[in-house]
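What follows is a single structure, written as structure tokens, with notes after it.
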Amino acid sequence: MTSEPPPPCWYCAHLTGEYEAGNDEDGYDMVHTCKAFPGGIPPEVFWGDVVHAGDYPGAVSGIAFEPGPDIEVPDHILALVAEAKRRGPRD
């Protein structure tokens, strides 16, 4: 059995918590929060479909992925963040 790797947000210094919010269309019942998304991290950001390396609609401006202190961030996540920062904002 293989398991999904933890999402990028798991490694971010700005992750603040989670709360139960009922089931969504994917069957998840937890909403994850951070300093950039205090009302809930959008699923596409939390699960890594969109790398939050800069400004993002609905996010608190100026707050983006930053490796957490004392957390070993996998190289593939650091590479995704570096590439997203290099590309800059997307329309």
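Summary of computed values
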| item | result |
| --- | --- |
| ³J(HN,Hα) computed for each position of region 43-57 - Karplus, 6.51 cos²θ - 1.76 cosθ + 1.60, integer Hz, glycine/proline x | x, 5, 7, 4, 7, x, 5, 10, 8, 8, 10, x, 4, 8, x |
| Computed lengthening from Glu66 to Leu78, 0.36 nm per intervening residue step minus Cα-Cα distance | 3.4 nm |
| Label-to-label distance, nm, for residues given as Glu4 and Asp49 (7 Å Cα→Cβ offset) | 1.1 nm |
| Under-5 Å amide H pairs with Thr16, H placed in peptide plane, nonlocal only | Thr33, Cys34, Lys35 |
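Taken together, the values in this text are just the output of simple stated rules run on the coordinates, not laboratory data. Note that the coordinates shown come from a computational prediction; the quantities given were computed from them, not determined experimentally. Cβ: placed from backbone, ideal geometry, glycine included. Neighbour counts: every protein chain shown.
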